[in-house]
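What follows is a single structure, written as structure tokens, with notes after it.
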Amino acid sequence: SGYVTLDSGYKNTGATTSAITFLDGEEGILSYRGYPIEELAEKSSFIEVSYLLIYGALPTTEELAAFSNRIKRHTLVNEDMRKILDGFPSAAHPMGILSALVSSLTAFYPESLKSNQTKDEMDLSIIRLMAKLSTIAAWSYKNSVGHRVNYPKNSLDYCSNFLHMMFSYQTEDYEVNPVVVDALNKLLILHADHEQNCSTSTVRLVGSAHASLYSSVSAGISALWGPLHGGANQAVIEMLEQIKADGGDSQKFIAKAKDKNDPFRLMGFGHRVYKNFDPRAKIIKKTADDVLSALGIKDPILNIAKELEQAALTDSYFIERKLYPNVDFYSGIIYRALGIPTEMFTVMFALGRLPGWIAQWKEMREQKEPIGRPRQIYVGENTRTYVPIEER
Ligand code: CMC
């Protein structure tokens, strides 16, 4: 009842108060718990940033060690979950596996379903998810190539262990490369939270019905999969490959993106909130250059990406609409250089976004927010009389 305002896409509707992430789209500013993203990407580790997002403050040395050790203790995934994984065809998209296996955690940890979890119980659910998502993510990749899965190696740090689970083989152990570990840390930090985006709003909305953390995050993973959201990083590389195969004429694709009768969009460009450079894109572009040169990789699609960016930034269509490269424009090029296959890019985004989803879910529950329930403006038929089928 009462007056309903229509705001499709929630462009101007605040759904919550939040103390986690600050974002100024006009100025291109992003900070987590008050710390600028540039500084965190340069100085912190993904696990430290996760602690910061979830618990609200930077950890002391002891707190960080305790957090990291607790996560390590829970990296193993129940063997029965491996059987579920075995049931997936190798062609299954790893994002589908990820959301299914995260949802199935509710079956292995039914205590996570309690809507009145104590602080310690909630914390254990959080630690388990932080620990197991990287194992599940790496296993979803192993499934796609038809290889035996690798078990976590808890002597390694978070990023190195993930790379080991991805790239060790029965015949050969993955050799940890610090350039790769640093790049991965940076990418995960840059993706760790982004206030009320589509997947995070999904996590909060599902959680507002007091659904479990695992069900809420599984729903967030499904939202992230969409090509307008996290799926964009995969779509960018596919687009750049398409441009390369077509002869590398970026102007031709700029024209396609501007043509309103052509569904083609410049993937990795534009953002609901940023009407200026996405600060994450700036860092990622530089990281792409650094990582490729440190690894001695010359990827022709990096040049295509730069040409395309330049062409778009000087084109009135993109200037008028304030369309700039977003976080996903260059991230895929780095993932590729790290040896991560295209289908896994959105999984990498999910790994990075996990602490943000957790922090937002926890904040929503601690603030005792009411169930989320948007209204509508009905535009359907007035009352009609039912006509029996033989008379229609
Ligand atoms: N290529 C061509 N035109 C575009 C693009 C693009 N990438 N993005 C927006 N536009 C145009 C759009 O056609 C519209 O033009 P007009 O006013 O003439 O109708 C205008 O710019 C405003 O766009 P919108 O679709 O109303 O803006 P939105 O806020 O609803 O959408 C977006 C934001 C990110 C979904 C959109 O820019 C887009 O589809 N980008 C490509 C996909 C992408 O890179 N997504 C990743 C987002 S960042 C990572 C994440 O948070 O998930």
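Just so it is clear, none of the values below were taken in a lab; they were calculated from the coordinates. From a predicted model like this one, the values you see are computed outputs, not experimental measurements. Glycine gets a Cβ as well: all are built from the backbone with ideal geometry, and neighbour counts include every protein chain shown.
Numbers below:
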quantity	calculated
The chain, helix-only ellipticity at 222 nm - DSSP H runs n ≥ 4, -39,500 (n - 2.57), divided by all residues, nearest 500	-17500 deg cm²/dmol
Lysine pairs meeting the criterion (Cα under 23 Å, 8 or more apart or interchain), as found in segment 266-391	15
Whole-number Å³ per residue for the convex hull built on Cα positions in the chain	202
Residues N154 and S90, FRET efficiency given R0 of 30 Å [Cβ-Cβ distance, rounded to 0.05]	0.60
Förster radius 22 Å - calculated FRET efficiency between A209 and R272 (Cβ-Cβ, nearest 0.05)	0.30
Unit charges on C-beta of K, R, D, E only; dipole of segment 1-105, Debye	480
Sorted by Cβ neighbour density within 10 Å, fewest at the top, the residues C159, C198	C198, C159
Largest-first principal axis extents, alpha carbons of segment 52-94, Å	44, 20, 12
Residue among Q310, F264, Y274 farthest towards the positive dipole end of segment 232-337, charges placed on Cβ	Y274
Segment 272-392 - percent relative contact order, Cα under 8 Å, separation 6 or more	29
Cα gyration tensor shape of segment 1-114, rounded if a/c is under 1.5, else prolate or oblate by comparing a/b with b/c	oblate
Difference of contour (0.36 nm per residue) and Cα-Cα distance, A107 to E42	19.5 nm
Cβ-derived FRET efficiency at R0 25 Å, K252 paired with K282, nearest 0.05	0.40
Estimated vicinal HN-Hα couplings, Hz - segment 223-239 in sequence order (Karplus 6.51, -1.76, 1.60; Gly, Pro = x)	5, 4, 4, x, x, 7, 10, x, x, 5, 5, 5, 5, 4, 5, 4, 5
Largest-first ellipsoid semi-axes for segment 232-337, taking √(5λ) over the Cα gyration tensor eigenvalues, angstrom	22, 17, 11
Gained length - N382 relative to D120, 0.36 nm times residue gap less alpha-carbon distance	89.1 nm
The chain - charge dipole about Cα centre, Lys and Arg +1 at Cβ, Asp and Glu -1, debye rounded to 20	580
S212, S8 arranged by Cβ crowding within 10 Å, fewest neighbours leading	S8, S212
Segment 232-337: relative contact order as a whole-number percent, Cα under 8 Å and 6+ apart	43
³J(HN,Hα), Karplus 6.51/-1.76/1.60, whole Hz, each residue of segment 192-207, x for Gly, Pro	5, 7, 8, 6, 8, 5, 4, 6, 5, 4, 4, 4, 5, 5, 5, x
